[in-house]
1. Could you give the length gained by full extension between T61 and I82, i.e. 0.36 nm per residue of separation minus their alpha carbon distance, to one decimal place?
2. Tell me, what is the FRET efficiency for Q24 and R49 to the nearest 0.05, using R0 = 22 angstrom and their Cβ-Cβ distance as r?
3. Zone of K126 (label point 7 Å along Cα→Cβ, backbone N under 15 Å): which residues in the stretch 140-182?
4. With a length cut of 20 Å (Cα positions projected on each helix's long axis) and a Kyte-Doolittle mean of at least 0.0, go through the chain and give me the DSSP H helices that pass.
5. Note down the Stokes-Einstein diffusion coefficient of the stretch 12-100 in µm²/s, whole number, using a Kirkwood radius over alpha carbon pairs, 10 °C, and 1.306 mPa s.
6. Contour minus end-to-end for R141 and S104, with contour as 0.36 nm per residue of separation and end-to-end as the Cα-Cα distance?
7. Of the labelled options [x] 118; [y] 271; [z] 232, which one gives volume of the Cα convex hull per residue in Å³ as computed for this structure?
8. Note down the relative contact order for the stretch 1-81 as a percent, whole number, built from C-alpha pairs under 8 angstrom at least six residues apart.
Amino acid sequence: MKVVTPYQDSSDRELLDLLKENNQQAFAELYDRYKVVLHRYAFKWLQDRDAAKDIIQDIFTIVWIKRESITLEKNLSGYLYIAVRNAILRKIERQDRDNQYAESLKSFASQEISNTDYLAREKQLKDIIEQEIAALPPKMREVFELSRNEYLSHAQIAERMGISELTVRTHVKNALKILRGKLGIYLFLYLLMR
């Protein structure tokens with residue numbers, strides 16, 4: 001059995017006029033008149049009943065808030081459909097932006113993890129190399145460090161240490177041979193690229 005309301009037979013224009021006078025029953029009639037068709041329309045686009053319901057609630061909240069300033073050139077149904085369509089488009093745009101942001105954040109996080117992992121492994125590798133260099137005989141280590149850390153030529157090292165260039169060359173050659181044996185080819189290649 002259908003409930004009869006005092007404004008059931010009123011036109012949309014009449015209901016809007018009453019609405020401007022803060023008539024809540026006129027507002028309830030408008031809401032009851034359009035909520036189902038607008039919900040179907042929103043659901044068709046969103047495929048989410050709750051989101052569609054929220055949009056309809058928001059639209060009618062705006063209608064109530066702006067009731068005194070609403071002026072319609074044509075019909076109320078067209079106004080409501082356009083309002084719902086615009087709300088749907090804003091929601092879809094917001095979802096797309098949120099999805100892009102989430103993907104960007106996810107990509108950044110995974111990149112950050114791999115960068116952090118790489119940096120941690122690089123630090124471990126450097127520590128191992130430094131330990132092996134520290135284990136070299138003292139004079140050989142000093143020559144090697146001057147060559148690799150201070151980028152001095154063999155002649156500059158020979159002059160600084162008061163030894164021959166041949167001795168410098170021999171120390172560097174022997175240091176590389178020892179390190180290659182202890183560190184393996186991968187660490188050795190890393191050491192050469194420093």
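Nothing in this text is a laboratory measurement; each read-out follows from the coordinates by a stated rule. Values in this document were obtained by computation on a predicted structure and should not be read as measured data. Cβ placement follows ideal geometry from the backbone for every residue including glycine, while neighbour counts extend to all protein chains displayed.
1. Stretched out fully, the T61 to I82 stretch lengthens by 6.0 nm.
2. 0.25
3. Under 15 Å, as judged by backbone N against the label point of K126, lie 149-150 of the stretch 140-182.
4. Qualifying helices, which must be both long enough and hydrophobic enough, are 49-65, 165-193.
5. The calculation lands on 117 µm²/s.
6. So the extension gain works out to 8.6 nm.
7. Working out volume of the Cα convex hull per residue in Å³ from the coordinates points to [z].
8. 32
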